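The values are calculated or read from the model by the stated rules, or taken from the named source; none is laboratory data. Worth saying up front: this structure is predicted, and the values here are computed from it rather than measured. A quick note on method: Cβ atoms are made from the backbone with ideal geometry, for glycine too, and the neighbour counts reach across all protein chains shown. Only protein heavy atoms, including side chains, enter the accessible area calculation; ligands, DNA and RNA are left aside. Shrake-Rupley method; radii C 1.70, N 1.55, O 1.52, S 1.80 Å.
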Amino acid sequence: MKKVLLLGAGLVTKPLVDYLLEQEGVELHIGSRTLKKAEDLIKGHKKGVAFALNVDDAQALENAVKERDLVISLVPYTYHVPIAKFCLKYKKNMITTSYVSPQMKELDNQAKKEGILILNEIGLDPGIDHMSAMRIINKAKAEGGKVVSFKSYCGGLPHPENNDNPLGYKFSWSPRGVLMAGRNNGKFLEYGNLIEVPNSRLFATYHLVDVPGLGDLEAYPNRDSVQYKEIYGLDDAHTIYRGTFRNLGWCNLLHKMVSLDMFRMEEENFEGMTYLDYTASLIGEKGLTKKELREKLAKKLNISKASEILDKWEWIGLFDKKKIKNPKTTRLDLLLELLLEKISLKKDELDMIVMHHEFLIEYKERKEKITSTLIDFGIPKGDSAMARTVSLPAAIAAQLILEGKIQMTGVKIPVEETIYEPVLKELEKRVNLKFEERVYKI
């Protein structure tokens, strides 16, 4: 019986747990800071073990890794490298759904030396985006084509029927992660030109994408797209862009928040302040009425006093005269606390995943544009689309490693056919996860 260690019991873990508990010869051990979360996932299954584990306790973490055969880490990314070092020490394969950090990359040679695989970015985005893109890129190359432009977008959004708030968004994965992603810089290639976008302009640098079946969505840059020229083997590409999807209006709202440094992560003391006082303090004011604050904010942000942006801020609670609940906090966490009350996905509400790729491919005698689109919805009274698409690729990869069907070593992401082909096939079989492709002659 192979023992798999799952670290973390958060929003997206249930489909992974269900999948691995179904597999023959697998025993799943879930370590979570909150024991009840792990127990709720196991539900008394005879091949499941739930135990309390604080990943800040290095000795307990080391013991947990030592006693299992494979480790899946779904805790915050800052813990992945310490976990990986224990996996190296005890020669245990490891899986994460997070981006590979520079520190993780540095473990590549050691992982090869110890004969283990540390497979990262095997979730949705990153994960399914890599695998579905590489399937088309490699097919085009095999047919003699050159990919000269590649654009890829992904977003987790509320199901259209549950898109009922002014922000057009609901949390379906780590809420803090959503806001922290808004602190990133962006970088992409456009017709051979390197475009670098500082965090202060991230949400101002958006464009509209017409997604088949949905219509227009906003897209803003997702981190460093330029590195995928090498990672995906896009030697002939003059344009490489990876973006995040949101519903209309999101980017203008977030841009104004960023312009007032509302995603700052240094702790401050807001003792005795109301949310109205806090918002006034962002523009160096105090003692304002709501009306006065709207007027001064409008002037500071260069928008109309009747702007829907200010309406949204009021709806969020940023003009409330209530005392701040947790006065010793960061600006990002203060905003997060308000948003959690307003835009959390409720128990019976559904989410939606939208992934969309666009390729321009040149062959000797023709040119083609290919679009590849995935739209997936949460299941009523079942798993969310986000949970399935993030955790199932990791679960499938874990099973393939245990069966010896993936045998490579080193620090990897799923861009190689020996990984992406069996994972995508199993996703199609398991949850009918299929991309709709359209080919246009140019």
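Of note:
- Matching residues in the stretch 284-313 - criterion: being among the hydrophobic types (A, V, I, L, M, F, W, C), loosely packed, with under 15 Cβ neighbours inside 10 Å and either touching a residue at least 24 places away in the same chain (Cβ under 8 Å) or within 12 Å of LEU260 (Cβ to Cβ) (or both): none
- LYS325 meets all of the listed conditions (1) assigned to a loop (DSSP other than H, G, I, E, B); (2) touching a helix residue (DSSP H, G or I) at 6+ places or on another chain (Cβ under 6 Å); (3) closer than 23 Å to PHE270 by Cβ but one, namely (2).
- Where MET386 falls short, out of the listed (1) in contact with a Ser or Thr (Cβ under 7 Å, 6 or more places away or on another chain); (2) under 30 Å from LYS151 (Cβ atoms); (3) surrounded by fewer than 21 Cβ atoms within 10 Å (Cβ to Cβ): (3)
- Every residue from the stretch 51-81 that is in contact with a helix residue (DSSP H, G or I) (Cβ under 7 Å, 6 or more places away or on another chain), open to solvent by 60 Å² or more (accessible area, probe 1.4 Å) and more than 24 Å from ASP40 (Cα to Cα): LYS66
- Condition met for ILE128 (of a type in the set (Val, Ile, Thr) and surrounded by 23 or more Cβ atoms within 10 Å (Cβ to Cβ)): yes
Residues are listed down the side, and each one gets a yes or a no for (1) in contact with a strand residue (DSSP E or B) (Cβ under 7 Å, 6 or more places away or on another chain); (2) in a helix (DSSP H, G or I):
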| residue | (1), (2) |
| --- | --- |
| ALA280 | no, yes |
| HIS356 | yes, no |
| PHE359 | yes, no |
| LYS364 | no, no |
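- For the stretch 395-420, the set of residues classified as touching a Phe, Trp or Tyr at 6+ places or on another chain (Cβ under 6 Å) and either in a loop (DSSP other than H, G, I, E, B) or at positive phi (or both) consists of PRO414 only.
- Within the stretch 360-376, the set of residues being open to solvent by less than 20 Å² (accessible area, probe 1.4 Å) and touching a Gly at 6+ places or on another chain (Cβ under 9 Å) comprises ILE361, GLU368, THR373.
- Failed condition for GLN110, given (1) farther than 20 Å from VAL17 by Cα; (2) in contact (Cβ under 8 Å) with a residue 24 or more places away in the chain: (2)
- The residue of the stretch 221-274 that is farthest from LYS299 (Cα to Cα), among those that are polar (S, T, N, Q) and under 20 Å from the mean Cα position of the chain (by Cα), is GLN227.
- Cross-chain or 6+ apart pairs with Cβ under 6 Å, the stretch 361-377 first and under 15 Å from ALA142 (Cα atoms), then of a type in the set (D, E, K, R): ILE361/GLU368; GLU362/LYS146
- Taking the criterion of being among the basic types (Lys, Arg) and either in a loop (DSSP other than H, G, I, E, B) or open to solvent by less than 40 Å² (accessible area, probe 1.4 Å) (or both), the only residue of the stretch 219-230 that qualifies is ARG223.
- Flag if VAL423 is at pLDDT 95 or above, under 17 Å from ARG135 (Cβ atoms) and touching a Phe, Trp or Tyr at 6+ places or on another chain (Cβ under 8 Å): no
- Selected residue (only one of ASP210, ASP261, ASP216 is at pLDDT 95 or above, assigned to a loop (DSSP other than H, G, I, E, B) and open to solvent by 50 Å² or more (accessible area, probe 1.4 Å)): ASP261
- Number of positions in the stretch 427-442 that are assigned to a loop (DSSP other than H, G, I, E, B) and either farther than 16 Å from LEU214 by Cβ or open to solvent by 70 Å² or more (accessible area, probe 1.4 Å) (or both): 4
- In the condition set (1) open to solvent by 10 Å² or more (accessible area, probe 1.4 Å); (2) closer than 19 Å to ILE128 by Cα; (3) assigned to a loop (DSSP other than H, G, I, E, B), TYR241 is compliant with all but (3).
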